[in-house]
Structure formats: structure tokens, C-alpha cells
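Down below is the structure, laid out as C-alpha cells.
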Amino acid sequence: MLKYILSSIIIIAVFTGCKDQQDVDKAEVYNPVSDSLRFSGETHLRNIKQLTFGGNNAEAYWSFDNSQLIFQSDWEKINDQGCDQIFIMNVDGSKFSDGKQYRLVSTGKGRTTCSYFLKDGRVVYASTHLDNENCPETVMFSEGRYVWPIYDSYDIFIADPDGNNTELLIGGEGYDAEATISPDGKYIIFTSTRSGDLELYRFEIETGETIQLTDKLGYDGGAFFSNDSKKIVWRASRPEGEEAEVYKELLAQGLVEPKALNIFIADIDGSNVQQVTDLPGANWAPFFHPGDKKILFSSNHHSLDKGGRLFDIFMINIDGSGLEQITHSGTFDAFPMFSFDGKKIAFASNRRVDRADSRATNIFVADWVDEPQNVDLNFKPVK
């Protein structure tokens, strides 16, 4: 049984003058006692709320009106198909008109990944269902190496937000997946093996024009646009020597080893490439801070001496300075995604209220605190 420790309640009031009188225009109340999913040191997060409760749920991306999240899940309560499918849920946890809390928007066939909202409310996601309606074989290890499968049967589809009118949008030979949308609604960026390597491509929604953005050996993927739609951020490996040969051998088998990744930015046409991080381990799942001057990403660089199994969310300036750890749960924390108004953040985590070990990866949302106050700097979790 948890013992609640009394903490102070900070009331911030904003006053405005009107006809020589001061009236309370707004009062915002934060109660640290109730923030049971927050950990010490998480100075930028408040009011953390859990939205899924079992299985593996990840890559939760915001609708343009900030009211919904689209995500992938293998949670048996909502998905008995056997591998990831795509769902939509309301950010406030409320149910849809049909009484369901989670709405299936993919076909329920094959394996899916990397979904996103279009500005008109439709959704995109990658799926293998055209090749085979069953779940493809999952490979996690190859010759002692932890690997991700790169299914060449992945194509990118578009659908209505209720899952109807599913159409092939981007396809052809090889892997096509990891699609995200520019905030101005003009472009889709995605990863493909159509060149023989894992490279980034930009698809213009209105015309269908597709251009290649990267051309260096290695896995270029997980790309997102800046809030002003002028830059992109992504994670990439740059293997050399023997590691380059291993990379090519694995890719020929439809596999990739995600052990040496760093964060890069560039203009949206692929020019002016800058490497942001130069850290050991896997540095991935990057996303621009609302001001476009910083990037949040997930990394295990700080836990390599303990096996590298601990991933936390970090923030860094785009020039590579000012590295700051954001999450401190002691579990897996990744996929940080800001709402379009910059007020909230969604992320995936293994954290629990009771601090017990868990392999369930769930979706959480929190208020983002850009400038932490004393109540944030001095936060202590309930015991």
C-alpha cells in the first residue's frame, strides 16, 4: 500500500488590470501528490497520464487538432491478430461513440508499423497485408546480434480515420515504411530500400513527386519534420570497415542491427546535413522541440556499461550542445512526440505507478514544462 507524503500545492495566478481593478484571469493548479507516474529528476514533465495498459504499444503520434493519438499495438485486449496493428485513441482517454476506447484503423491483416495523421484527418501507415494476410516471421537475433527485421513486403497505405477506404499510397519493390507528415501538410518523408540501401525519400502529397534525400551507407530512418516544415531530423548508422560489410550482409537478409545510431538534421531537400549527436550506443526516435532549436531523442549511451538495456529520453541543442536527460524512470522510455501546440508530450514507457518491473510498453501523455519551477526541481515521488 502506497503511503502518501504531503506536498505543497503551487497555485500560479495571472492578474490583469481592468478599470483600476485587478481580476484573476487564470489560475493553474498543479498537485505533485497526484503525479504518481512521475519520477525524481523529470523536471520537464507534469501530470503524466497512462493511456494503454498491456502488451506493446508504441509510436503514438498526434492528430493536427491535438485531440487524438494514432499508435501501433499488439495488446491482446484490443488486438488478437498476433502482431502490431494500428489504432486511434482520444488523448483524454474518453470512448468513441460506439463505446470503444481504441479504434482499429488498419486492416487487421499482416503486420503494420509507423502510422501518422494527415492534415485532412486521414491516416497513413505501413503494412505487409498485400503480400500476406498472416503475420510475417519475426527475427530478433542473427548470429548473436540483436536485429530488426526489414520486411520488403511493407508498403505505405492511406485510409480514413475510421479505417475505411484503404488505398496503396507508396509501394513497389522493397521496404517502404516509417512515413511521417510535414506540419504544413505538403510532404511525406519515408524510408525505403528501393536504392539497395535504407535511405530517406520525400513524397509530395499533391503531385506524387518523390526525391531521394540521403545516399550514405547505413540505416537512415525514423525521420520527422521541424515545426516550421523547413528541416528534417532522423537517426542513422554510418558503418565503416568490417561493420559496413556486416551491415550489407544483414540487409541482404532483410535485417538491420540497431546498435550504433546517431541523430542528424538537414534541410527538407536533404542539403546541409549536420550530425547532432556523437554518442555511443543507439540514439534514435528523434523529434523537434516546439522551438526547433532543440531535439528530444531516446538513447542508451548512459547504460552501456550495464548492458545498454536502459533507454531514456534526452534533449539536446541542434548544434550538439546542452545534452539533458528528461526521463528517469529506470525503465524503457522512448518515442517522445510533442503535440502541435507544444503543450504536451506523448511517449512510450515501461513505467508503473508501483515501480514494479514490467515488460509492458504503454503510451503516456504529460504536460511539458519548458522552464521548470521549484515544484518541478524539488519533486519527490510518492512512496
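Looking only at the range 142-165, filter to residues that are surrounded by fewer than 18 Cβ atoms within 10 Å (Cβ to Cβ) and among the aromatic types (Phe, Trp, Tyr); which one of those is nearest to the chain's Cα centre (by Cα)?
Per the criteria, the residue is 148.
Anything in the range 116-143 that is touching a Leu at 6+ places or on another chain (Cβ under 9 Å), in contact (Cβ under 8 Å) with a residue 60 or more places away in the chain and of a type in the set (A, V, I, L, M)? List them, or say none.
Within the range 116-143, 124, 139 meet the criteria.
When only residues in the range 65-83 that are more than 20 Å from residue 349 (Cβ to Cβ) and of a type in the set (D, E, K, R) count, which is farthest from the chain's Cα centre (by Cα)?
Across the range 65-83, the extreme among qualifying residues is 80.
Among (1) among the hydrophobic types (A, V, I, L, M, F, W, C); (2) within 23 Å of the chain's Cα centre (by Cα); (3) under 27 Å from residue 253 (Cα atoms), which single condition is residue 181 missing?
Just one mismatch for residue 181, condition (3).
With the checklist (1) free of Cβ contacts under 8 Å to residues at least 60 places away in the same chain; (2) surrounded by fewer than 22 Cβ atoms within 10 Å (Cβ to Cβ); (3) small (Gly, Ala, Ser); (4) out of contact with any Asp or Glu (no Cβ under 8 Å at 6 or more places or on another chain) in hand, flag the one item residue 282 doesn't pass.
Here residue 282 meets the rest and fails (2).
Tell me whether the range 53-66 contains one or more residues that are without any contact (Cβ under 8 Å) to a residue 24 or more places away in the chain and either of a type in the set (A, V, I, L, M) or in contact with a helix residue (DSSP H, G or I) (Cβ under 9 Å, 6 or more places away or on another chain) (or both).
no
Tell me yes or no: at least one residue of the range 297-308 is over 24 Å from residue 365 (Cβ atoms), in contact with a Leu (Cβ under 8 Å, 6 or more places away or on another chain) and of a type in the set (S, T, N, Q).
Yes, some residue in the range 297-308 is over 24 Å from residue 365 (Cβ atoms), in contact with a Leu (Cβ under 8 Å, 6 or more places away or on another chain) and of a type in the set (S, T, N, Q).
Any idea which of 111, 145, 122 is of a type in the set (Lys, Arg) and closer than 18 Å to residue 181 by Cα?
When all the criteria are applied, what remains is 122.
Applying the selection to the range 302-346, what residues are surrounded by fewer than 18 Cβ atoms within 10 Å (Cβ to Cβ) and within 24 Å of residue 266 (Cβ to Cβ)?
Selection gives 315, 317, 319, 320, 321, 322, 323, 324, 340, 342.
Given the conditions (1) touching a Lys or Arg at 6+ places or on another chain (Cβ under 9 Å); (2) under 25 Å from residue 201 (Cα atoms), report the number of the one that residue 147 does not fulfil.
(1)
Just checking, how many residues over the range 84-142 are among the small types (Gly, Ala, Ser) and closer than 21 Å to residue 56 by Cα?
Of the range 84-142, the ones among the small types (Gly, Ala, Ser) are 93-94, 97, 99, 106, 108, 110, 115, 121, 126-127, 142.
Adding the requirement that they be closer than 21 Å to residue 56 by Cα leaves 93-94, 106, 108, 110, 115, 126-127.
Selection size over the range 84-142: 8.
In the range 240-263, what residues are under 13 Å from residue 198 (Cα atoms) and in contact with an Asp or Glu (Cβ under 8 Å, 6 or more places away or on another chain)?
Across the range 240-263, the qualifying residues are 247, 250, 251, 254.
How many of the residues in the range 84-108 are over 18 Å from the mean Cα position of the chain (by Cα) and crowded, with 17+ Cβ neighbours inside 10 Å?
6
Can you confirm whether residue 189 is surrounded by fewer than 18 Cβ atoms within 10 Å (Cβ to Cβ) and not in a loop (DSSP other than H, G, I, E, B)?
No.
All but one of (1) farther than 21 Å from residue 181 by Cβ; (2) of a type outside the set (A, V, I, L, M, F, W, C); (3) without any contact (Cβ under 8 Å) to a residue 40 or more places away in the chain hold for residue 219; state the number of the condition that does not hold.
Failing condition for residue 219: (3).
Give 176, 120, 155 a once-over and let me know the one that is of a type in the set (Asp, Glu), within 18 Å of residue 255 (Cβ to Cβ) and out of contact with any Cys (no Cβ under 6 Å at 6 or more places or on another chain).
Of 176, 120, 155, the one residue that is of a type in the set (Asp, Glu), within 18 Å of residue 255 (Cβ to Cβ) and out of contact with any Cys (no Cβ under 6 Å at 6 or more places or on another chain) is 176.
In the range 358-378, which residues are assigned to a loop (DSSP other than H, G, I, E, B), in contact (Cβ under 8 Å) with a residue 12 or more places away in the chain and out of contact with any Pro (no Cβ under 9 Å at 6 or more places or on another chain)? Before the answer, list the steps.
Within the range 358-378, the subset assigned to a loop (DSSP other than H, G, I, E, B) is 358-360, 369-373, 378.
Among the residues that remain, those that are also in contact (Cβ under 8 Å) with a residue 12 or more places away in the chain are: 358, 360, 369-370, 372-373.
Scanning the range 358-378 gives 358, 360, 369, 372, 373.
Here, each number is a calculation from the coordinates, and none is a lab measurement. The structure presented is a predicted model; accordingly, all values stated were derived computationally and were not measured. FYI the Cβ positions are ideal-geometry reconstructions off the backbone, even for glycines, and counts take in every protein chain you see.
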